[in-house]
Amino acid sequence: MLLMTPGPTRVPERVLRAGARPMLHHRTPEFSRELASLLELIAPVFGTREPVLPVHATGRGAMEATLSNLLSPGDGLVVCCNGRFGQMWVKIARSYGLIVHGVAADWNRDVDLQEIEGAIEAYPEVRAIAMAHSDTSTGVANDVAAVAGLARRRGVLLFVDGVSSIGGMPFAFDEWGVDAAFTASQKCLMSSPGLSFVALSERAVNASARATLPHNYWNFADIRREISGPKPGTPGTPPVHVVLQVAEALRMIHEEGFDAVCERHKTMAGIVARGAAALGLGQQCPGLRNRSTTVTALALPAPLAPDTVREGLKKRGILTAAALEHYQPTAFRIGHMGDIRPDDVEETMAAVREIVFEDRRGPHATRLGEQ
């Protein structure tokens with residue numbers, strides 16, 4: 001099955017083999033060397049010179065760890081909610097007793113700097129802004145650089161969910177001035193689920209020293225201390241074989257060249273966009289100005305149903321993803337990230353074309369236009 005989903009994504013054979021090695025004890029020199037290699041190779045993918053912290057959890061765990069390590073009870077958080085994963089910040093933050101101020105609640109638009117700044121001005125308890133870079137529920141690519149500049153001017157922290165972008169899209173953690181960003185193993189890093197990675201700015205490290213929310217399993221200070229020694233390790237037992245997979249996947253990324261990887265993702269997004277337009281298909285969220293290059297959410301004209309298209313693709317050996325929430329009856333999502341190549345995207349769009357033309361009957365055929 002060709003996995004054209006927004007994650008988990010296809011794991012290359014070479015990465016699978018790296019994860020199929022006999023068990024390594026996590027306190028051995030061999031494992032320490034693999035972890036050290038991973039940490040060295042992942043920093044440029046974040047665009048940082050800061051240490052990148054491995055967290056033994058999926059991306060959602062990294063999100064919770066970021067909040068619990070950097071904030072205190074009663075702190076305010078401005079959250080950009082233009083997508084399912086923007087809204088996830090809200091749910092987790094409120095569970096910790098943080099005061100959440102949601103902005104950009106419309107999934108059909110990009111974040112608005114004036115709206116964010118207005119919330120910071122209105123609520124003096126705000127200590128941070130949280131957002132998604134690429135949100136797979138909509139296909140947006142939010143302008144992290146612009147929001148980071150605002151955060152610096154206003155003296156608040158910026159937290160970024162980069163789970164579906166870091167490793168496939170340019171991310172300049174240091175240059176943009178981001179304070180905390182995370183990704184996970186199962187998307188652009190083309191490995192199995194179970195491991196995430198967090199980069200912290202100096203401001204974030206200082207904030208963590210003052211923060212009082214509870215955290216134990218994912219204590220950033222403990223992780224930072226363990227990876228900083230002459231033989232890098234982890235506070236507890238990590239998912240050893242996922243570490244081995246990610247290390248190998250990063251070697252592949254650097255062999256291809258990270259700029260080339262980002263360009264490949266841009267090319268694949270273009271193939272989907274052009275193929276969809278040629279068939280008269282629209283974007284799920286047409287109001288977005290900036291779009292992700294790792295996932296595309298496509299809208300279908302009635303009466304062509306997303307289930308019809310997705311089932312047709314599945315019969316052809318291609319798995320795509322349903323749209324989320326109120327878009328589910330009218331749209332579906334194609335992931336093009338990680339190990340996916342332009343030929344895979346061409347194959348997918350050719351199959352979509354077959355299905356669309358098979359379905360063209362009656363007034364529906366007139367709308368789409370037989371050619």
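No lab work stands behind these numbers, since they all come straight from the coordinates. A quick note: this is a predicted structure, and the numbers were derived from the prediction, not measured. Note that each Cβ is placed from the backbone with ideal geometry, even for glycine, and that neighbours are counted across all protein chains shown.
Can you tell which of 230, 137, 79 lies farthest toward the positive end of the dipole of the range 13-255, using +1 and -1 charges on the Cβ of basic and acidic side chains (Lys, Arg; Asp, Glu)?
Highest projection toward the positive end goes to 230.
Given a 10 angstrom Cα cut-off, can you work out which residue in 201, 95, 292 is the most mobile in a GNM of the chain?
Most flexible of the set in this elastic network: 95.
Taking the chain as a Gaussian network, Cα atoms linked when under 10 Å apart, which of 118, 162, 59 shows the biggest mean-square fluctuation?
118
Local charge sum around residue 218 (other residues, Cβ-Cβ under 15 Å, Lys/Arg +1, Asp/Glu -1)? Write out the running numbers ahead of the final one.
Numbers: positive: 60, 224, 225; negative: 64, 222, 226.
Charge balance near residue 218 sits at 0.
Give me a comma-separated list of calculated 3J(HN,Hα) values for the range 297-313, in order, Karplus coefficients 6.51, -1.76, 1.60 applied at θ = phi - 60°, integers in Hz, x for any Gly or Pro.
9, 9, 9, 10, x, 5, x, 5, 9, x, 4, 4, 5, 5, 5, x, 5
Please list, in chain and number order, the residues 5+ apart from residue 295 or on another chain whose amide H is under 5 Å from its amide H, with Hs placed from the backbone.
Amide H neighbours of residue 295, under 5 Å, 5+ apart: 336.
Amide H of residue 2: which non-local residues (sequence gap of 5 or more, or other chain) have their own amide H closer than 5 Å, using H built in the peptide plane?
Hits under the 5 Å cutoff: 318, 319.
Cut-off 10 angstrom, C-alpha nodes, Gaussian network model of the chain. Which of 250, 157, 24 fluctuates the most?
Answer for the Gaussian network model of the chain: 24.
When the Karplus curve 6.51 cos²θ - 1.76 cosθ + 1.60 is applied with θ = phi - 60°, which whole-Hz ³J(HN,Hα) does each residue of the range 342-347 get, with x for Gly and Pro?
Running phi through 6.51 cos²θ - 1.76 cosθ + 1.60 with θ = phi - 60° gives x, 4, 5, 5, 4, 4 Hz.
Using a cut-off of 9 Å between beta-carbons, work out the net charge of the residues near residue 104 (Lys and Arg +1, Asp and Glu -1, residue 104 not included).
Charge balance in the 9 Å sphere: -3.
Taking the Kirkwood radius as the inverse of the mean 1/r across Cα pairs, report the Rg/Rh of the range 268-362.
Dividing the radius of gyration by the Kirkwood radius yields 0.93.
By how many degrees, between 0 and 90 and to the nearest 10, does the Cα long axis of helix 84-95 differ from the longest principal axis of the chain?
40
Straight-line reach from residue 91: which lysines fall under 28 Å, measuring Cα to Cα and dropping same-chain residues less than 8 apart?
Result set, ordered by chain and number: 187.
Would you kindly give the portion of the calculated P(r) for the chain that falls above 40 Å, as a percent of all Cα pairs?
15
For residue 314, give me every one of the aspartates and glutamates with a C-alpha distance below 17 angstrom, ignoring sequence neighbours fewer than eight places off in its own chain.
344, 346, 347, 354, 358, 359
Neighbour counts of other C-beta atoms within 10 Å: give me 107, 89, 176 arranged from fewest to most.
176, 107, 89
If you put +1 on each Lys and Arg Cβ and -1 on each Asp and Glu Cβ, how big is the dipole of the range 258-358 around its Cα centre, in Debye rounded to 20?
So the dipole magnitude of the range 258-358 works out to roughly 200 debye.
Can you tell me the dipole magnitude for the chain around its Cα centre, using point charges on the Cβ only (Lys, Arg +1; Asp, Glu -1), in Debye to the nearest 20? Can you show the working numbers first?
Details: 38 positive and 40 negative charges, 98 e Å.
Taking the Cα centre of the chain as origin, the dipole is about 480 debye.
From the residues 321, 288, 308, which one has its Cα farthest along the dipole of the range 258-358 in the positive direction, the dipole being from +1 and -1 charges on Cβ of Lys/Arg and Asp/Glu about the Cα centre?
288
Residue-wise, which Karplus ³J(HN,Hα) couplings in Hz belong to the range 221-227, taking 6.51 cos²θ - 1.76 cosθ + 1.60, θ = phi - 60°, and x for glycine or proline?
Here the 3J(HN,Hα) series is 4, 5, 5, 4, 5, 5, 7 Hz.
All other residues with a Cβ under 11 Å from the Cβ of residue 18 taken together, and with Lys, Arg as +1 and Asp, Glu as -1, what is their net charge? Don't skip to the end; give the middle numbers.
Numbers: positive: 14, 17, 21, 251; negative: 13, 34, 248.
Summing Lys and Arg as +1 and Asp and Glu as -1 gives +1.
Please list the non-local residues whose amide H lies under 5 Å from the amide H of residue 181, H modeled 1.01 Å from N, same-chain partners needing a gap of 5 or more.
Excluding prolines and chain starts, which carry no amide H, the hits are 160, 199.
Can you compute the helix-only [θ] at 222 nm over the chain? Use -39500 (n - 2.57) per DSSP H run of at least 4 residues, normalise by all residues, nearest 500 deg cm²/dmol.
Numbers: 14 runs with 162 residues, N = 371.
The helix contribution divided over the chain gives -13500 deg cm²/dmol.
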